[in-house]
Structures are given as structure tokens and as C-alpha cells.
Amino acid sequence: MSLLKLEQVTKRFGGLTAVSDFNLDLQEGELVGLIGPNGAGKTTVFNLITNTYYVSEGRILLDGKDITGMKTDRITAAGIARTFQNIRLFGELTVLENVLTACHLRLKSSVISAVFGLPGYRSEEVQMHGKARALLKTLGLDKYERDLAGSLPYGLQRKLEIARALATQPRVLLLDEPAAGMNPEETLALAALILRIRKDFQQTILLIEHDMSLVMTICERIIVLDHGVTIAKGLPEEIQNNPDVITAYLGTGDLYA
């Protein structure tokens, strides 16, 4: 059984079809790339999975359970976390506080316990701080825990957004252009980080990315969208040499040009 499955998922905005009959079978532990030129519908797919946009047709299943139309917070609680193309950190909160906001999703204590600071809640708070600090250390962000998130360099903000997503303890991690705005050295480090996250956190990852060298290096297989339609699926080497993919990106020539 697929961990995440999309069946003929379609999204229409009025007369415009942004995504058409999109299918995905994401197996547990996979790292799959979703690529395509600007406006292809990639982020729309993420928005449909997390119910930021309602699905016009089709359905989405997580571990066999239909989550189509489920509220976004329940989807996160079910085990799907994401990052965003445009960073959405709480800039006026510290690095640690940003991660703690995500950790609260897994608290078992009631609101009353939190309001009155009952022992059960205080115990969970201590554990939550420990887990958040451990996560920051794993991602190399521990020395910035007291810094405001908005004051971090761009590359570290990207890393913090990934840390915050991981703090929800997801089963599926959706990464939306994590290398955007990074230089080659930062992108190389990001590739290593994604592979480490996959291994250490036993993550299943769906990655949107424009950096073809990153995608071809770390993804096991790739899905290509163009104007909301899937035009190719396959191994990196198959996608790299697919004439339809090359035409969609450049009209003609080399995908890496």
C-alpha cells in the first residue's frame, strides 16, 4: 500500500484547470521529485494535499485513509508536514520558539492543564523543550536558538523551516523549493541534509525543486508537470533525456543549460 496516494486529482479555478488528473503513489521511505517549469502546478499539488486548496475532483489517501477535504490541522496531525516556497517563519519569535510552536501539535495535556500549569502539562513542556533543542542540534541550529528567526541568514531560515516541519513528527515531508535563493555551496549542503533527514528521521519526502542538479542527484524517481498535466515519470536519467521534458523547460536544448 502506498503511504501517500493521489488518484486523478484535479483542481479548477473557474474555467482554468491548474492541475489535471494527477496521480501519485509515494511509497514509505521514498524521495521523489516533482518538477516542471514555472506555473506548471507543482505548488498547487502541495496545496491540494494539505487542503489549502479544495480538490475539484479525485481523492487523496494517507496510508489508505481518505484525507480529501480534511482540515489542514488534522492533515498535519495525521502526518503530513510541508515547507513553503516563500519562507513563512514567525520572524519575531526566536528560533527555539518557532520549533516549539510545531511541537505543541503533539501535546496530550488539555487546555485547562496548560492554563493552570498542572504537573502533567509542565512535564510535557520540559520534554517538548528537550525535543526541540535536540532537533535544532541535529540540524546545526542549536547555537541560534535564542536569535530571532527573522534575523537569520536566508539559508538558515530555510533550514529552520525544515526543522519546524520535522517537529510535527510527520510521516510525509513536502519540501517546496528548499534550495531557492541558495548559492551552489549552500545547495550542496542542503542535498546532504535532505538525505540525512530521510535516513535519520525515516522520512518519506516529496520534493519540488528547480535546481536540476539537486533533483537528479538525490531523487530516486521524478514526476514532471507542465500546465497542470503530467508529461513524464521515471528515473532521473530517463527524465534528463526525455525530449518532452526538455521542450517543456527550454523549448529545445539541454535541461542543464
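The values are calculated or read from the model by the stated rules, or taken from the named source; none is laboratory data. Just so we're clear, the structure is a prediction, and the values are computed from it rather than from any experiment. So basically every Cβ, Gly included, is an ideal-geometry build from the backbone, and we count neighbours across all protein chains shown. What goes into the accessible areas is simple: the full protein's heavy atoms, side chains included, and nothing from ligands, DNA or RNA. Shrake-Rupley method; radii C 1.70, N 1.55, O 1.52, S 1.80 Å.
A few comments on the model shown:
- Over all distinct Cα-Cα pairs of the range 18-84, the Kirkwood formula returns a hydrodynamic radius of 12.8 Å.
- Using only Cα coordinates, the Kirkwood hydrodynamic radius of the chain works out to 19.2 Å.
- The range 1-77: chymotrypsin sites (Phe, Trp or Tyr not before Pro) falling in loop per DSSP and having at most 15 other Cβ within 10 Å: Y54
- Of all stretches in the chain that contain no GluC sites (Glu not before Pro) in a DSSP loop with at most 15 other Cβ atoms within 10 Å, the longest one is 93-219.
- Carbon plus sulfur fraction of accessible area for the range 136-178, probe 1.4 Å, in percent: 47 percent
- Within the chain, the whole DSSP H helices whose Cα atoms reach 27 Å or more along their own axis and whose mean Kyte-Doolittle score is at least -1.0 are 119-138.
- Residues in the chain average 49 Å² of solvent-accessible surface per residue, probe 1.4 Å, ligands and nucleic acids excluded.
- When T217, T94 are compared by accessible area of protein heavy atoms, the largest-first order is T217, T94, using a 1.4 Å probe.
- Cα-Cα over 20 Å, subset of K11/K71; K5/K42; K65/K233; K131/K199: K65/K233
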